[in-house]
Amino acid sequence: MNKLISIDEAVSKIKDGMTLMIGGFLANGTPNKIVDALAQSGVKDLTIICNDTAFPDRGIGKLVVNKQVKKLYTSHIGTNPATGEQYNKGELEIEFCPQGTLAERVRAAGNGLGGVLTTTGLGTIVAEDKQVINIDGKDYLLEKPLHADVALIRASRGDKSGNLVYRGTSQNFNPLMATAADLVIAEIADMKEVGEIAPEEVHTPAIFVDFIVAE
């Protein structure tokens with residue numbers, strides 16, 4: 001199967017109202033070319049699962065500024081004033097997740113788990129409307145899995161079958177998100193032929209990747 005598609009083809013697979021996972025930490029490790037094209041597409045009412053909303057002029061921040069996002073699951077929004085403004089005006093719904101909890105919720109979806117138990121957030125607004133489970137006399141929050149229709153991720157290197165390698169901290173949420181969506185589209189900075197990447201170097205195996213876009 002030829003997995004290589006254009007950016008326009010990648011964006012065409014994203015429809016109004018979908019739930020997206022987008023990798024990256026302040027746009028490092030974010031598939032910025034796909035996201036930039038998405039920001040030009042007019043797709044709206046998106047739910048986005050992400051670490052943060054980057055900056056107004058970079059990455060996921062562009063989608064927020066354009067008001068293409070209706071709900072966020074994220075760990076912080078401080079670097080993008082537009083996110084806070086829309087939230088305070090009631091134009092954007094946000095479920096704040098501590099960063100480790102966010103990662104574990106994505107991992108839970110990718111691994112078929114019913115959720116994760118954590119003490120992080122007990123006694124705070126993070127715990128509102130969530131189930132508390134007592135185990136051996138200790139309380140834990142039940143944090144449910146996060147799953148997406150589409151995951152948009154970025155790899156430093158990858159081959160034409162979709163085996164992916166991430167450089168340094170650009171790895172962040174990308175490997176987890178590749179396991180937790182119905183459709184996975186990877187943007188690859190350095191495209192290799194199949195066989196040019198040693199198996200032990202691969203962070204995300206090709207079986208998780210449906211389509212690839214050459215950066």
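The values are calculated or read from the model by the stated rules, or taken from the named source; none is laboratory data. Quick caveat, the model's predicted, so the values are computed rather than measured. Positions of Cβ are generated from backbone atoms using ideal geometry, with glycine treated the same way; all protein chains shown enter the neighbour counts. Ligands, DNA and RNA are excluded from the accessible area calculation, which covers all protein heavy atoms including side chains. Shrake-Rupley method; radii C 1.70, N 1.55, O 1.52, S 1.80 Å.
So which of THR120, THR179, THR169 is assigned to a helix (DSSP H, G or I) and closer than 25 Å to LEU102 by Cα?
Numbers: THR120 fails: assigned to a helix (DSSP H, G or I); THR179 fails: assigned to a helix (DSSP H, G or I).
It is THR169.
Being more than 16 Å from the chain's Cα centre (by Cα) and β-branched (Val, Ile, Thr) is the filter; apply it to segment 131-170 and report the residue that is least open to solvent (accessible area, probe 1.4 Å). Filtering first and then ranking leaves VAL165. Among all positions in segment 198-212, there is at least one residue which is touching a strand residue (DSSP E or B) at 6+ places or on another chain (Cβ under 7 Å), surrounded by 20 or more Cβ atoms within 10 Å (Cβ to Cβ) and among the hydroxyl-bearing types (Ser, Thr, Tyr). Selection within segment 190-211: residues that are assigned to a strand (DSSP E or B) and within 18 Å of the chain's Cα centre (by Cα). The member of this set that is farthest from SER156 (Cα to Cα) is PHE211.
Filtered by the rule that a residue be open to solvent by 10 Å² or more (accessible area, probe 1.4 Å) and within 16 Å of the chain's Cα centre (by Cα), segment 171-189 gives GLN171, ASN172, PHE173, PRO175, LEU176, THR179, ALA181, ASP182, LEU183.
So, in segment 123-145, exactly how many residues are out of contact with any strand residue (DSSP E or B) (no Cβ under 6 Å at 6 or more places or on another chain), assigned to a loop (DSSP other than H, G, I, E, B) and of a type outside the set (D, E, K, R)?
Taking segment 123-145 and keeping what is out of contact with any strand residue (DSSP E or B) (no Cβ under 6 Å at 6 or more places or on another chain), we get 123-126, 128-129, 134-138, 144-145.
Filter once more, so that each one left must be assigned to a loop (DSSP other than H, G, I, E, B): 123-124, 128-129, 136-137, 144-145.
With the extra rule that they be of a type outside the set (D, E, K, R), the set shrinks to 123-124, 137, 145.
The total comes to 4.
Please determine, by comparing only the residues of segment 77-111 that are more than 19 Å from ASP129 (Cβ to Cβ) and not in a helix (DSSP H, G or I), which one is most open to solvent (accessible area, probe 1.4 Å). Once the filter is applied, the top-ranked residue is LYS89. For segment 20-46, the candidate set comprises residues that are surrounded by fewer than 18 Cβ atoms within 10 Å (Cβ to Cβ) and out of contact with any helix residue (DSSP H, G or I) (no Cβ under 8 Å at 6 or more places or on another chain); within that set, the residue that is modelled with the lowest pLDDT is GLY42.
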